[in-house]
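The block underneath contains the structure these notes are about, expressed in structure tokens.
The values are calculated or read from the model by the stated rules, or taken from the named source; none is laboratory data. Keep in mind that this is a model prediction, so the values were computed, not measured. Here the Cβ is made from the backbone with ideal geometry for all residues, glycine too, and neighbour counts use every protein chain on show.
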Amino acid sequence: MARNTQVNADHNAPPVTQTLAHFVATHPSRGWSDAVDHEAHRTFMNWLGCAVGAAHHDAAEAALAAVQVLEPAAQATLAGRKERVDIASAALINGISSHTFDFDDTHLKTIIHPAGPVASALMALAEKTGASGRQVIDALVLGIDVACRVGNCIYPDHYDRGWHITGTTGMLGSAAACARLLGLDTEKTAMALGIAASQPVGLREQFGTMTKPFHPGGAARAGLMAALMAQQGFTASPRAIEAPRGFAQVISPKCDWSEITGELGQRFEISFNAYKPFACGIVIHPSIDACAQLRERGVKAEDIERLELKVHSLVLELTGKKEPVDGLQAKFSVYHGCAAGLIFGRAGEGEYADDIVNRADMVALRRKIVATVDDRIDEAAVEVNAVLTNGTSVALRVDHAIGSLERPMTDAMLARKFHDQADPVLGEAQVEALIQACWGLGQAGSVQALVGLASAQR
């Protein structure tokens, strides 16, 4: 007898696929507060800056080269580049580039990076259909709500099993957003969600490789195609998310349906989005912040005998690479992040360049760092003790790093971050105009001006 007939399952789950489909298809335009709408603009702008900044990274170059083998139609813009490709490939490549620096937005409750899948799909589709900026913002809010609500339902058990939750919920978010942009009714939106539910993308084993940013890119493409297929009458299970052998129950032993349905249309998950000041895994951020503060107190790398960290277990599980050899690996090294914070006072993309990772003083300082798990430490916190060569020590604790909801990045800080990433690609003047276009997206009659500014002119 097949074992799966004996697996426990909830056979009385509420119809969350239909509930989400109805919500996405019928919720009024701008049916939320000004604060939520502003957060949507912040999310989109942060996403686009990340996508432009990594537009010429080896990961984006390789993905584009593979796509060009297919001889794609020139339908959509690639952020930060002059080439144009079909909309599905644009969603894929922009999703990859937006996550390559690990500098994108984070829904802290679930560690989902929601804009990568959702915004990448939306920008490509909106350029093709001639959608207004308001339609894009509406779809962004609703798509992120779907992805993060489903994430809330299955987190942390799903993540703990080794799934990369950004990709595994992202295709639902991008499908929902694209269905909204296409104007699909409730029935076809449910089909889009159903098609997407068979395409979860991403395993945590891939962290530190190019395949990690493939996850949001793959989810963007999968969700976009799901919506287009549903538009043409392609069918799926109407209970694809909640059924005993559906998405949620197959990939997670924990399914809290109230996390999907509770306050639907009243609480929007984009409100809980945070933005990274450091270009690495978010669990490292308290440690980097602490080391930057040590630097401000006058502690120098050459004064360090030993740097002691007390961290949450997730820090070492996700970012325990002691001897990274390149930037992609260093993004998953709490040791490198701390060294960058102490030596440079920052950890932007420049501090993860391969030559910086292998610089002698960085290597030496990393080897002086001792990180231990302390079950009393929250994942958003760290305790640091710098033991100095003169026999003294300096200790401090960070409960919430800069960029958290408790200490959010300001609009000005997000604009500066955008410039830092995108100026080398597009030039300062074009980037400033692009930033202003992002702030004004909700009032724009179309996205054409914005995507023109997002592309390289030569």
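The residue that is farthest from the chain's Cα centre (by Cα), among those in the stretch 160-177 that are over 17 Å from R149 (Cα atoms) and touching a residue at least 12 places away in the same chain (Cβ under 8 Å), is R161. Restricting attention to the stretch 208-249, the residues that are basic (K, R) and either buried (at least 24 other Cβ atoms within 10 Å of the Cβ) or not assigned by TED's automatic domain parsing to the domain that holds H22 (or both) total 2. When the criteria are applied in full, A63 fails the requirement of being among the hydrophobic types (A, V, I, L, M, F, W, C), closer than 16 Å to V425 by Cβ and at pLDDT 95 or above. Across the stretch 411-432, the qualifying residues are those that are surrounded by fewer than 15 Cβ atoms within 10 Å (Cβ to Cβ) and more than 30 Å from V283 (Cβ to Cβ), and the one among them that is farthest from the chain's Cα centre (by Cα) is A429.
Conditions tested, residue by residue: (1) free of Cβ contacts under 8 Å to residues at least 40 places away in the same chain; (2) within 24 Å of W32 (Cα to Cα); (3) crowded, with 23+ Cβ neighbours inside 10 Å.
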residue: G80; (1), (2), (3): no, no, yes
residue: E83; (1), (2), (3): yes, no, no
residue: G95; (1), (2), (3): no, no, yes
residue: H99; (1), (2), (3): no, no, yes
residue: H107; (1), (2), (3): no, yes, yes
residue: I111; (1), (2), (3): no, yes, no
residue: A119; (1), (2), (3): no, yes, yes
residue: A124; (1), (2), (3): no, no, yes
residue: V136; (1), (2), (3): no, yes, yes
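Return yes or no: is L264 over 30 Å from V7 (Cα atoms), surrounded by fewer than 23 Cβ atoms within 10 Å (Cβ to Cβ) and either touching a Leu at 6+ places or on another chain (Cβ under 9 Å) or without any contact (Cβ under 8 Å) to a residue 12 or more places away in the chain (or both)? Here the answer is yes, as L264 does meet what is asked.
Residues in the stretch 434-446 that are crowded, with 16+ Cβ neighbours inside 10 Å and over 22 Å from the mean Cα position of the chain (by Cα): A444, S446. Determine whether the stretch 389-410 contains at least one residue that is within 30 Å of A456 (Cβ to Cβ), at pLDDT 95 or above, among the basic types (K, R) and within 21 Å of the chain's Cα centre (by Cα). Within the stretch 389-410, not a single residue is within 30 Å of A456 (Cβ to Cβ), at pLDDT 95 or above, among the basic types (K, R) and within 21 Å of the chain's Cα centre (by Cα). The single residue among L264, L294, L314 that is outside any loop (DSSP other than H, G, I, E, B) and either small (G, A, S) or at pLDDT 95 or above (or both) turns out to be L294.
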